[in-house]
Each structure stands twice: as C-alpha cells, then as structure tokens.
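**Q** Submitted below is the structure of interest, expressed as structure tokens.
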Amino acid sequence: MRPALHVAAVALLLVAGCMGQGPAPAPDSTETTPYPPGVSADGVANASALVGAHSDHVTTHGAVVTSNGTTTVRIGGEPRTVETNATARATPNLTRIHVVSWGVRVSGNETAPERYEVYANETTVLERIAHENETSVRSERRGDAPIVVERVVRTQPLRAVLGALDFEVAGTERRNGRTVTTLTADETALGDDTPSRHAATLEVAASGRVLSLSTVRDRNTTAVGQRTLDVTWANATTVEPPAWVRERRQ
C-alpha cells in the first residue's frame with residue numbers, strides 16, 4: 001500500500017473481474033456472534049484470521065472491487081497529487097478476472113496517462129498496457145501469475161494496515177440483511193521533525209468479508225508523501241472478455 005513513486009502512482013491499485021457465470025450471492029456465515037473472525041469487542045485480536053476469512057469469502061463468491069488512491073510526489077520541484085483508479089470483477093472461485101486501472105506514469109518532470117488492463121480465465125492471463133501512443137499485450141499461464149488473484153482479494157493492503165495500527169470497534173449494525181462491524185484506528189506521532197498521521201477504517205461483514213477499506217497516511221508536515229487509499233468489495237457479476245481479447249482470438 002505504499003506505491004513506488006518513481007514510476008507510477010500507477011502502482012495501479014488493480015482489481016479484477018470476470019465472465020461466464022451468473023451473479024453469485026455472497027451470504028454471511030451463520031452468526032453466533034456479531035463480530036467477524038479475528039475480531040472481538042476489544043478490536044482486532046487476530047489479524048491473520050480476519051484476512052484469511054476475507055480471502056476465503058471473496059475467492060469463493062467473487063467480487064466487484066473498486067480502488068481509488070492518491071500519492072503526492074514532487075514533480076518539477078512542486079508537490080503534485082497523482083491519482084490511480086481501478087475496477088475489477090471476478091466470478092465465484094475467481095475463474096474469470098478482469099482488471100481495468102488508470103494512472104499516471106512519472107518520468108523526471110513529465111507525466112503521461114497510462115491504462116493497465118488484465119483479463120484471466122482458468123488457464124491464461126493477458127495483460128495490456130496503453131501508454132501514450134504505444135500499446136503492448138503480454139500473455140502468461142494462469143499458474144505463473146498469482147498476482148492476478150491479489151488484484152481482487154487485496155490481502156496486501158489489508159495485512160499492512162492491520163499490522164501497523166491498533167483497531168477498535170466503532171460500532172455494529174444491520175445493513176442490507178447482514179451484520180456489519182466498523183473498525184477504526186487513528187495514530188498520530190508528534191515528533192519534532194517528522195510529525196505523521198496514519199488512520200484507517202474497515203467495514204467488515206460477520207463472515208469476515210471486508211466491505212470497505214479507507215486509509216490515509218501523512219508522514220510529515222509537507223504535502224509530499226501523503227497517501228490515501230479507498231477500496232470497496234461488492235458481490236460478483238458477469239463480465240464478457242474485453243474487445244481486445246476477442247480480437248486477439250480471431
């Protein structure tokens with residue numbers, strides 16, 4: 001969740017999508033407690049259990065994932081906030097995944113928009129990068145590209161924030177037929193030279209499926225180095241292969 005600054009705030013916070021199967025419900029597990037796995041009334045007691053439950057639920061049921069992030073970098077001597085946006089769709093069991101993300105490639109004092117797209121079925125992953133007037137497509141076996149699953153599940157930012165912050169339960173409510181627990185953390189360090197703030201909010205269903213993640217990281221008193229990330233997970237949907245995949249098959 002700390003994108004590399006020299007290339008792209010195109011650390012393209014990618015996500016994935018799918019085709020070929022109908023929408024699948026993502027029910028919560030039977031609730032014997034209002035709290036998700038790894039969570040108690042005192043907060044997050046077992047981060048690994050929470051991340052594991054989230055990963056299992058998203059993998060089994062699929063998801064539509066949206067990510068929006070910002071990173072403030074110095075370009076031409078001036079702070080500039082660079083945005084990345086991604087949408088991903090995945091079928092149940094992640095048999096079909098489609099990722100589309102938009103960002104900016106930074107080179108010296110120059111910036112240029114970049115679009116990154118991934119399509120995967122059970123056997124093959126196709127990656128397409130469009131940068132200025134150049135477009136490239138790369139193919140690899142699905143088994144050699146585990147990162148494509150990470151685009152959907154997003155365990156890396158979840159583990160990072162759960163490992164860095166102490167979350168407490170802000171509230172529990174019934175929402176759209178499911179119990180949702182809101183977890184919050186906000187830590188500020190007031191050092192003489194490098195005051196910083198790291199805060200996050202998680203909304204989690206009783207099954208352990210994370211519904212949303214929102215983080216902000218401000219490492220110093222200047223704008224440079226500020227980062228934000230917002231990710232949401234919704235139920236899966238069907239997605240056809242994009243046009244460039246269909247044309248490649250012809």
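**Q** Look at residue 169 and say whether it is of a type in the set (Val, Ile, Thr) and out of contact with any Gly (no Cβ under 7 Å at 6 or more places or on another chain).
**A** So residue 169 fails the test.
**Q** Kindly indicate the residue of region 224-237 that is closer than 10 Å to residue 64 by Cα and of a type outside the set (A, V, I, L, M, F, W, C) and also nearest to the chain's Cα centre (by Cα) among those meeting that condition.
**A** 232
**Q** Now, a different point. Go through (1) touching a Lys or Arg at 6+ places or on another chain (Cβ under 6 Å); (2) over 21 Å from residue 162 (Cβ atoms) one by one and return the number of the condition residue 74 breaks.
**A** For residue 74, the failing item is (1).
**Q** Take residue 154 and decide whether it is over 21 Å from residue 243 (Cβ atoms) and not polar (S, T, N, Q).
**A** In short, yes.
**Q** Taking region 146-158 only, how many residues are surrounded by 10 or more Cβ atoms within 10 Å (Cβ to Cβ), assigned to a loop (DSSP other than H, G, I, E, B) and without any contact (Cβ under 8 Å) to a residue 12 or more places away in the chain?
**A** Residues that pass the stated criteria total 0.
**Q** Which condition breaks for residue 202 when tested against (1) out of contact with any strand residue (DSSP E or B) (no Cβ under 7 Å at 6 or more places or on another chain); (2) open to solvent by less than 50 Å² (accessible area, probe 1.4 Å)?
**A** (1)
**Q** Here's another thing I want to ask about it. Quickly run through region 127-145 and pick out the residues that are over 21 Å from residue 85 (Cα atoms) and either open to solvent by 20 Å² or more (accessible area, probe 1.4 Å) or polar (S, T, N, Q) (or both).
**A** Answer for region 127-145, where residues must be over 21 Å from residue 85 (Cα atoms) and either open to solvent by 20 Å² or more (accessible area, probe 1.4 Å) or polar (S, T, N, Q) (or both): 138, 139, 140, 141, 142, 143, 144.
**Q** Here is a follow-up. Exactly one condition in (1) without any contact (Cβ under 8 Å) to a residue 40 or more places away in the chain; (2) surrounded by fewer than 19 Cβ atoms within 10 Å (Cβ to Cβ); (3) more than 28 Å from residue 92 (Cβ to Cβ) is not met by residue 124; state its number.
**A** (3)
**Q** Ok, one more. All but one of (1) modelled with pLDDT under 95; (2) open to solvent by 50 Å² or more (accessible area, probe 1.4 Å) hold for residue 225; which doesn't?
**A** (2) is the only condition that residue 225 fails.
**Q** Moving to a separate point now. Go through region 159-184 and count every residue that is among the small types (Gly, Ala, Ser), surrounded by 11 or more Cβ atoms within 10 Å (Cβ to Cβ) and under 17 Å from residue 211 (Cβ atoms).
**A** The qualifying residues number 1.
**Q** Any residue in region 39-68 that's under 16 Å from residue 168 (Cα atoms) and part of a strand (DSSP E or B): show its pairings with residues that are open to solvent by 40 Å² or more (accessible area, probe 1.4 Å) and among the aromatic types (Phe, Trp, Tyr) at Cβ separation under 9 Å, as long as the two are six or more apart or on different chains.
**A** none
**Q** Please count how many residues of region 233-246 are at pLDDT 85 or above and within 28 Å of residue 138 (Cα to Cα).
**A** 9
**Q** Scan region 216-241 and report the pairs whose first residue is of a type in the set (Asp, Glu) and assigned to a loop (DSSP other than H, G, I, E, B) and whose second residue is open to solvent by less than 60 Å² (accessible area, probe 1.4 Å) and at pLDDT below 85, with Cβ atoms within less than 7 Å and a gap of 6+ or a chain change.
**A** 240/19
**Q** In region 53-94, how many residues are over 15 Å from residue 233 (Cβ atoms) and either open to solvent by 30 Å² or more (accessible area, probe 1.4 Å) or of a type in the set (A, V, I, L, M, F, W, C) (or both)?
**A** Qualifying residue count, region 53-94: 14.
**Q** Sticking with this structure for a sec: Condition test on residue 180, is it modelled with pLDDT of 95 or more and β-branched (Val, Ile, Thr)?
**A** yes
The values are calculated or read from the model by the stated rules, or taken from the named source; none is laboratory data. Since the structure is predicted, the reported quantities are computational estimates derived from the model, not experimental observations. Here Cβ is always computed from backbone atoms with ideal geometry, including for glycine, and neighbour counts include all displayed protein chains. Ligands, DNA and RNA are excluded from the accessible area calculation, which covers all protein heavy atoms including side chains. Shrake-Rupley method; radii C 1.70, N 1.55, O 1.52, S 1.80 Å.
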